[in-house]
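Worksheet: the structure to be examined is printed underneath.
The values are calculated or read from the model by the stated rules, or taken from the named source; none is laboratory data. Quick caveat: nothing in here was measured; it's all calculated off a predicted structure. Because the Cβ atoms are built from the backbone with ideal geometry, glycine has one as well, and the counts that use them run over all protein chains shown.
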């Protein structure tokens, strides 16, 4: 890449696009301070799993850190029924301070539905003020605290009882008779 200066002493590429602002450092016009004007790249990470009713925590980081507060729009979505209604499927505006990092929380709903675990996902929206990096979205698992649906009871295995109809003895060569009982009766007869 070929670099040069424009008429305002800004560093430009071969097409004349300004890459950085330059400012003289005082009386000595031969020394400049370079100021990076490249848009920061914003990424997001999710915190640890939570129990419904808690706050899902996400960290947004801008690199390089912005010289002034950076407005970023994020979109909140869910898997299951876990996000409090005022946060659901909506765009939220967050501000990343010049430190370059901020925490965003999403409230979840503590309900009584037996729904299993869910997930909150926050996605960084595209903007002219910043680039979207990788990861551009993050998820936090929301554990259901309402228990689980009880499984259906297993079929009862019948107890088999065999009783002789001739309780004392039988004569050799005679038929022996037995009664077979299943308690409780089986659901189906198997052949």
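Would you mind stating whether residue 50 is within 21 Å of residue 127 (Cβ to Cβ), touching a strand residue (DSSP E or B) at 6+ places or on another chain (Cβ under 7 Å) and modelled with pLDDT of 70 or more?
Taking the combined requirement at face value, the residue does not satisfy it.
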What is the residue count in segment 100-129 for residues that are under 16 Å from residue 45 (Cβ atoms) and not in a strand (DSSP E or B)?
1
Hey, among the residues in segment 95-116 that are under 12 Å from residue 83 (Cα atoms) and over 16 Å from the mean Cα position of the chain (by Cα), which one's modelled with the lowest pLDDT?
111
Please count how many residues of segment 100-130 are touching a strand residue (DSSP E or B) at 6+ places or on another chain (Cβ under 9 Å), surrounded by fewer than 16 Cβ atoms within 10 Å (Cβ to Cβ) and over 19 Å from residue 48 (Cα atoms).
4
Quick one: in segment 117-153, which of the residues that are closer than 23 Å to residue 74 by Cβ and more than 22 Å from the chain's Cα centre (by Cα) is modelled with the highest pLDDT?
130
Inspect all residues belonging to segment 68-79 and state whether any of them is touching a residue at least 60 places away in the same chain (Cβ under 8 Å), farther than 19 Å from residue 141 by Cα and buried (at least 17 other Cβ atoms within 10 Å of the Cβ).
yes
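Counting just the residues of segment 154-164 that are modelled with pLDDT of 75 or more and part of a loop (DSSP other than H, G, I, E, B), which one comes out farthest from residue 182 (Cα to Cα)? Explain how you work it out, then say what you get.
Step one: filter segment 154-164 for residues modelled with pLDDT of 75 or more, giving 157-164.
Applying the additional criterion that residues be part of a loop (DSSP other than H, G, I, E, B) yields 157-158.
On the way: 157: 9, 158: 5 Å.
Result: 157.
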Evaluate the following for residue 177: is it closer than 30 Å to residue 80 by Cβ and at pLDDT 80 or above?
no
Pick from segment 21-47 the residues that are over 18 Å from residue 92 (Cα atoms), within 37 Å of the chain's Cα centre (by Cα) and in a strand (DSSP E or B): which of them is modelled with the highest pLDDT?
41
